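Novice: One structure coming up, written as structure tokens, with questions to follow.
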Amino acid sequence: GSNAISLLAAKSMARKNVKHVEIWDKSLTGEASIQASKLAKHLKSKQIKKYPIAILSGGEMTVTIKGNGKGGRNQEFALAFALAADKLKIQKDWTLLSGGTDGRDGPTDAAGAIVDNFTLQKIKDRGLDPKQLLRNNNSYKALKVANALLSTGATGTNVADLQILLIH
């Protein structure tokens, strides 16, 4: 197996349920929060005529540790995407999954996260600042209070990470 094969399989499955499927990046690397902002800008620029659509990507990003929080690259990507989508005032309804195919993301018990356009409000409703948590590399705490962590347990395979953005 490979990440390319997993992306093609995800694309094939998505085609059964959505009007349009695209692979945005099949070798996603670099800083997770920067890539998340790029994906949010891509979504903002999309002219969508038929819903739902799926935008897929895969690869392995990195996180530069600046704080003392807990999380992984997929959790950081998910939280950063939610913040970027909010900042760009994206009016479309969206849901994003970012997860490790091995079932692990950083030093946590989560494989990643599933966020949507309501996730930030859930974090704020708990009295937390999602921007500050991201700055402290504490995406795990933010996503845990929003009930957005993706927990699969070990999968027995590892073909990098996968991101699935649904616009509905």
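The values are calculated or read from the model by the stated rules, or taken from the named source; none is laboratory data. Not measured: the values here are computed from a predicted model. Quick reminder, even Gly has a Cβ in these numbers, built from the backbone with ideal geometry, and neighbours come from all protein chains shown. Surface areas here come from the heavy atoms of the whole protein model, side chains and all, with no ligands, DNA or RNA. Shrake-Rupley method; radii C 1.70, N 1.55, O 1.52, S 1.80 Å.
Novice: Answer yes or no: is there a residue in region 84-104 that is aromatic (Phe, Trp, Tyr), crowded, with 19+ Cβ neighbours inside 10 Å, part of a helix (DSSP H, G or I) and under 15 Å from the mean Cα position of the chain (by Cα).
Specialist: Looking for residues that are aromatic (Phe, Trp, Tyr), crowded, with 19+ Cβ neighbours inside 10 Å, part of a helix (DSSP H, G or I) and under 15 Å from the mean Cα position of the chain (by Cα), one finds none in region 84-104, hence no.
Novice: Looking for whichever is of a type in the set (Asp, Glu), in contact (Cβ under 8 Å) with a residue 24 or more places away in the chain, in contact with a helix residue (DSSP H, G or I) (Cβ under 9 Å, 6 or more places away or on another chain) and on the phi < 0 side of the Ramachandran plot here; the options are ASP125, ASP161, ASP102, ASP129. Which one fits?
Specialist: Selected residue: ASP161, the only one of ASP125, ASP161, ASP102, ASP129 that is of a type in the set (Asp, Glu), in contact (Cβ under 8 Å) with a residue 24 or more places away in the chain, in contact with a helix residue (DSSP H, G or I) (Cβ under 9 Å, 6 or more places away or on another chain) and on the phi < 0 side of the Ramachandran plot.
Novice: Name the pairs whose Cβ atoms lie under 6 Å apart, with the first residue in region 140-152 and without any contact (Cβ under 8 Å) to a residue 24 or more places away in the chain, the second of a type outside the set (S, T, N, Q) and not in a helix (DSSP H, G or I), and 6 or more positions between them or separate chains?
Specialist: Sorted first by the residue in region 140-152, then by its partner, the pairs are VAL145/ARG126.
Novice: What are the residue pairs meeting all of these: first residue in region 29-51, first residue touching a residue at least 24 places away in the same chain (Cβ under 8 Å) and closer than 15 Å to VAL63 by Cα, second residue open to solvent by 50 Å² or more (accessible area, probe 1.4 Å) and part of a helix (DSSP H, G or I), Cβ atoms under 6 Å, and 6 or more apart or on different chains?
Specialist: ALA32/ARG73
Novice: Filter region 127-168 for residues that are among the aliphatic types (A, V, I, L, M) and assigned to a helix (DSSP H, G or I); which is surrounded by the fewest Cβ atoms within 10 Å (Cβ to Cβ)?
Specialist: It comes out as VAL145.
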